[in-house]
Amino acid sequence: MAETSWHRVAASVDVREGEAIAVNVGDLQIALCRVGGTIHAFENICPHAYALLSDGFVEDNEIECPLHAARFEITTGRCLAPPADRDLVTYAVKVEEDEVFVAVPS
Amino acid sequence: MFLRNFWYVAATDQEVQAKPFGRTIMNEPIVFFRMPDGTPVALEDRCPHRRLPLSMGKLVGDALQCGYHGLRFDKTGQCVRVPGQDLIPPSARVKSYPVVERYKWLWIWMGDPALADPDKITDFHWFDDPNWGAKSAYLHVEANWQLVVDNLLDLTHLAFVHETTIGNMALVEHAAVKVQRGPNNVLVTRWTIDQPAPPTFVKVGGFTTNVDRWQIIDYAPPAFLRLDVGATPTGTGAPEGKRVGGISMRNLNAITPETETTTHYFWGQAHDFEPGNRQMTERVFEQIQAAFYEDVAIFQAQQRMISLDPDSPTVDINADSGGIQARRIVDRLYAEEQAALAQRAAAE
């Protein structure tokens with residue numbers, strides 16, 4: 001297991017149900033999304049064609065790419081519909097004193 | 001690809017007169033004229049005798065007379081006179097189309113006449129509303145209708161195509177964009193906060209400070225785009241819904257396919273400031289018209305490239321999301337119409 005480190009990326013209040021927001025840790029582009037009260041983090045660039053998933057459409061526990069309709073399960077990153085052909089990388093999330101932290105490889 | 005079961009704008013009310021005129025819509029030749037009592041009529045523009053366009057004929061009383069051998073047709077398309085003979089063959093008739101005059105346009109129904117409900121006409125009340133000044137115009141475009149829809153759903157092009165009028169780089173680099181979609185609707189909301197006003201806004205709105213600018217694009221299929229656009233001095237509360245001290249306009253677009261590669265483009269601009277001032281209406285219109293001519297040049301150049309090789313690859317970028325959602329709606333509606341037609345053909 002690679003080493004990871006925690007990075008503050010957002011205020012908890014800015015991550016709302018039904019939409020995704022984009023954050024960066026260095027060069028890493030990450031999307032945050034709240035489902036059933038819990039915040040989840042996953043890579044923000046669609047593995048199919050470089051679209052930003054945070055511009056896409058969130059419905060329940062699914063996010064749809066804004067361009068070619070690939071869909072992913074938010075809580076697991078699992079790919080649900082083509083044209084993407086792999087799951088999303090996900091990142092551990094913790095919330096401390098209303099601040100959101102994600103764990104990324106150091 | 002055309003969607004049939006929709007109302008389309010066929011003509012401006014001024015274009016429809018007693019003298020017939022012909023216009024092709026979705027590959028169908030149609031003749032428009034006005035009866036002596038003012039009622040507008042739309043018929044197939046092709047005499048069933050020797051296929052001359054009936055728009056080359058003239059109105060005689062209540063009937064349209066062909067300019068070749070004088071066959072006459074009533075407003076339902078039925079032949080009512082064949083010169084030199086008493087007998088009128090039952091097949092001597094042309095197709096007629098439901099039409100409705102609304103918002104200073106003539107609307108036509110291109111699908112199953114049984115479904116032609118005027119309540120389904122898309123709202124363009126700004127052209128009739130005394131609270132707005134408005135002017136509309138017609139452009140003929142040698143390009144597929146969906147290229148026009150794409151254009152209006154991705155306004156980042158303003159910075160590059162219209163930098164002398166309604167665009168500036170702030171629209172690309174500093175806009176917060178949100179795309180929302182319903183089963184038959186796409187809404188693209190763009191906010192550009194605390195940025196310089198583009199040249200046209202300075203001219204008609206007199207802005208001297210940075211502005212908060214909104215562009216809210218409402219798409220309804222097949223090809224109606226109603227843009228709520230405007231700006232207020234920055235920090236005065238427009239993003240929270242308080243629009244004071246600025247300008248608000250509607251850019252209104254009704255796009256009607258002529259053929260797969262040509263389009264009738266009806267558009268207009270409405271403004272809420274000095275609504276009764278005709279000079280202001282002209283000034284606003286001229287500014288926006290300059291931008292629209294720039295767009296038409298783009299569409300036609302795109303179409304030339306597409307026609308050379310329709311399968312040449314394209315790439316999508318983030319700003320395409322609205323246009324892609326709209327195309328997806330059109331694709332779904334087209335599949336539904338085709339399925340219904342196939343079902344009906346199977347039942348017959």
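Each reported figure results from applying straightforward, stated rules to the coordinates on display, with no laboratory input. Computed from a prediction, not measured in an experiment: that's the story for all the values here. Note that we place each Cβ from the backbone using ideal geometry, even for glycine, and neighbour counts take in every protein chain shown.
What to note about this one:
- Helix B:278-308 and the longest principal axis of the C-alpha atoms of chain B enclose an angle of approximately 70°.
- Helix axis angle, B:321-347 relative to chain B longest principal axis, alpha carbon, degrees: 20 degrees
- Sorting the segments B:286-297, B:81-92 by their mean number of nearby beta carbons within 10 angstrom, highest to lowest, gives B:286-297, B:81-92.
- Theoretical FRET efficiency, 1/(1+(r/R0)^6), r = Cβ-Cβ of B:Ala339 and B:Glu260, R0 22 Å, to 0.05: 0.55
- The stretch B:14-97 - Rg over Rh from alpha carbon coordinates, Kirkwood radius: 0.94
- Per-residue 3J(HN,Hα) values for the stretch A:26-35, derived from phi via the Karplus relation 6.51 cos²θ - 1.76 cosθ + 1.60 with θ = phi - 60°, read x, 8, 7, 9, 10, 9, 10, 8, 9, 10 Hz in sequence order (x marks Gly and Pro).
- With a Förster radius of 41 Å applied to the beta-carbon distance between B:His49 and B:Leu308, the computed FRET efficiency rounds to 0.55.
- Per the Debye calculation on the protein assembly as shown with a single equal scatterer at every Cα and no solvent contribution, log₁₀ I(q)/I(0) for q = 0.08, 0.09, 0.12, 0.13 Å⁻¹ amounts to -0.59, -0.72, -1.11, -1.23.
- Peptide-level mean, for B:314-324, of C-beta atoms on other protein chains within 10 Å: 4
- Set of aspartates and glutamates with alpha-carbon distance to B:Lys19 below 19 Å, sequence-local pairs under 8 removed: B:Asp37, B:Glu44, B:Asp45, B:Asp62, B:Asp74, B:Glu101
- Rg and Dmax [Cα atoms of the stretch B:172-234; Å; Rg one decimal, Dmax integer]: 13.4, 42
- Residues A:Ile45, B:Ile166, A:Ile74 in ascending order of nearby Cβ atoms (within 10 Å, fewest first): A:Ile45, B:Ile166, A:Ile74.
- The label point for B:Val82 and the one for B:Asp194, both projected 7 Å from the Cα toward the Cβ, are 7.9 nm apart.
- Taking only the alpha carbons of the stretch B:198-348, we obtain Rg and Dmax values of 19.9, 68 Å in that order.
- Cross-link pairs beyond the 24 Å C-alpha cut-off, checked among B:Lys178/B:Lys242; B:Lys75/B:Lys104; B:Lys135/B:Lys203; B:Lys58/B:Lys95; B:Lys120/B:Lys178: B:Lys120/B:Lys178
- Neighbour counting of Cβ atoms within 10 Å sorts the residues B:Phe32, B:Phe21, B:Phe273, fewest neighbours leading, into B:Phe21, B:Phe273, B:Phe32.
- Placed amide H near B:Met35: partners under 5 Å, 5+ positions off or other chain: B:Val41
- Over chain A, the fraction of Cα-Cα pairs per 10 Å bin, rounded to whole percents and listed from the shortest bin up, is 17, 51, 29, 4.
- Divide the volume of the convex hull around the Cα atoms of chain B by the residue count and you get 156 Å³ per residue.
- Distance between the 7 Å Cα→Cβ label points at B:His140 and B:Phe160: 3.0 nm.
- Using R0 = 51 Å, the C-beta based FRET efficiency linking B:Val172 and B:Lys95 works out to 0.60.
- Counting charges near A:Ala10 (Lys, Arg +1; Asp, Glu -1) among other residues having Cβ under 14 Å from its Cβ returns a value of -2.
- Counts of other chain beta carbons within 10 angstrom of each beta carbon in peptide A:65-76 average 2.
- Amide H contacts of A:Leu80 (H built 1.01 Å from N, under 5 Å, at least 5 apart or other chain): A:Arg71, A:Phe72, A:Glu73
- Other residues within the sphere of radius under 11 Å centred on the Cβ of B:Asp194, judged by their own Cβ, net out at 0 (K and R +1, D and E -1).
- Zone residues, the stretch B:40-58, relative to B:Lys19, backbone N less than 13 Å from point 7 Å out along Cα-to-Cβ: B:56-58
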